[in-house]
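Asker: Just dropping this structure here.
The values are calculated or read from the model by the stated rules, or taken from the named source; none is laboratory data. Source: prediction; values computed, not measured. In this analysis, Cβ positions are derived from the backbone assuming ideal geometry, glycine residues included, and neighbour counts consider all displayed protein chains.
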Amino acid sequence: MTGTHDFDAFYRDTARRLARYAYGLTGDPAETQDLVQEAYARAWQRWRRLSAYENPEAWLRMVVNRLASDRWRRLGVRRARAVLDPPPPPAPPPSENTVLLVTAMRALPPAHRRALALHYLLDRSVAEIAAETGVATGTVKSWLSRGRAGLAAALDPADAALTVEGSTDAR
């Protein structure tokens with residue numbers, strides 16, 4: 001049997017017990033998964049030496065104990081720091097225009113929304129968007145044009161007839 005097979009068998013035999021143990025320490029399923037994953041990663045790195053131990057599972061429990069206590073220590077430090085720092089001022093609410101724009105963007109098809117976001121928010125050219133999305137530049141131009149028309153219709157239905165037909169910003 002190779003070391004990999006030994007480790008695999010060790011993992012299969014101990015993983016459920018270790019997960020129950022870690023859950024008992026943390027009470028948090030996500031934290032339990034993180035602790036157990038980290039413990040097995042460390043065990044794998046030291047498997048040659050660890051496999052010779054009389055009780056490698058005890059070593060795993062010790063690692064989980066230490067990782068869990070480090071977590072609690074970090075939480076304590078954060079809480080102490082949070083008590084000393086005043087809370088940040090509340091963020092101002094979004095403007096009415098922002099709410100209207102986000103609502104209008106959500107109404108667009110995902111491809112149009114993505115093209116508009118890449119073009120206007122990340123300042124990507126049509127060619128860059130085409131390369132990133134894996135489509136032709138003409139398709140990107142179409143998405144941008146239709147996306148702008150959709151936004152115009154959603155933001156001001158009276159001006160929907162006046163949307164710019166030939167506006168294909170080909171930077």
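Asker: If the requirement is being in a helix (DSSP H, G or I) and either more than 30 Å from T133 (Cα to Cα) or among the aromatic types (F, W, Y) (or both), which of these qualifies: R106, R74, R113? Steps first, please.
Answerer: Details: R106 fails: either more than 30 Å from T133 (Cα to Cα) or among the aromatic types (F, W, Y) (or both); R113 fails: either more than 30 Å from T133 (Cα to Cα) or among the aromatic types (F, W, Y) (or both).
After ruling out the rest, the residue left standing is R74.
Asker: Could I ask something else about it? Can you tell me which of (1) surrounded by 12 or more Cβ atoms within 10 Å (Cβ to Cβ); (2) modelled with pLDDT of 90 or more is the one R71 doesn't meet?
Answerer: Tallying (1) surrounded by 12 or more Cβ atoms within 10 Å (Cβ to Cβ); (2) modelled with pLDDT of 90 or more, R71 fails exactly one: (2).
Asker: Return the pairs, sorted by first residue and then second, in which the second residue is small (G, A, S) and at pLDDT 85 or above, the first residue lies in region 66-94 and is within 18 Å of T32 (Cβ to Cβ) and in the same structural domain as L25 (by TED's automatic domain parsing), the beta carbons are less than 9 Å apart, and the residues are 6+ apart or on different chains.
Answerer: So the pair list comes out as L67/A22; L67/A39; A68/A22.
Asker: Among residues belonging to region 92-113 that are within 12 Å of V140 (Cα to Cα) and out of contact with any Leu (no Cβ under 9 Å at 6 or more places or on another chain), point out the one that is surrounded by the most Cβ atoms within 10 Å (Cβ to Cβ).
Answerer: Checked region 92-113; the qualifying residue surrounded by the most Cβ atoms within 10 Å (Cβ to Cβ) is R113.
Asker: Now for a different question. Considering every residue within region 30-49, establish whether at least one is modelled with pLDDT under 95 and over 28 Å from H5 (Cβ atoms).
Answerer: Yes, some residue in region 30-49 is modelled with pLDDT under 95 and over 28 Å from H5 (Cβ atoms).
Asker: Select from region 81-91 the residues that are among the aliphatic types (A, V, I, L, M) and either within 25 Å of the chain's Cα centre (by Cα) or surrounded by 10 or more Cβ atoms within 10 Å (Cβ to Cβ) (or both) and list them in ascending order. Outline the logic, then answer.
Answerer: Of all residues in region 81-91, those among the aliphatic types (A, V, I, L, M) come to 82-84, 91.
Result: A82, A91.
Asker: Which pairs do you get when a residue that is under 12 Å from L116 (Cβ atoms) and modelled with pLDDT of 95 or more, found in region 143-158, comes within reach of a residue that is among the basic types (K, R) and assigned to a helix (DSSP H, G or I), reach meaning Cβ atoms under 6 angstrom, with the pair 6+ apart or on two chains?
Answerer: Listed by first residue and then by second, the contacts come to nothing, as the list is empty.
Asker: Can you confirm whether W59 is outside the structural domain of T133 (by TED's automatic domain parsing) and either surrounded by fewer than 15 Cβ atoms within 10 Å (Cβ to Cβ) or assigned to a loop (DSSP other than H, G, I, E, B) (or both)? Let's see the steps before the verdict.
Answerer: Details: outside the structural domain of T133 (by TED's automatic domain parsing): yes; either surrounded by fewer than 15 Cβ atoms within 10 Å (Cβ to Cβ) or assigned to a loop (DSSP other than H, G, I, E, B) (or both): no.
Judged against the criteria, W59 is not a match.
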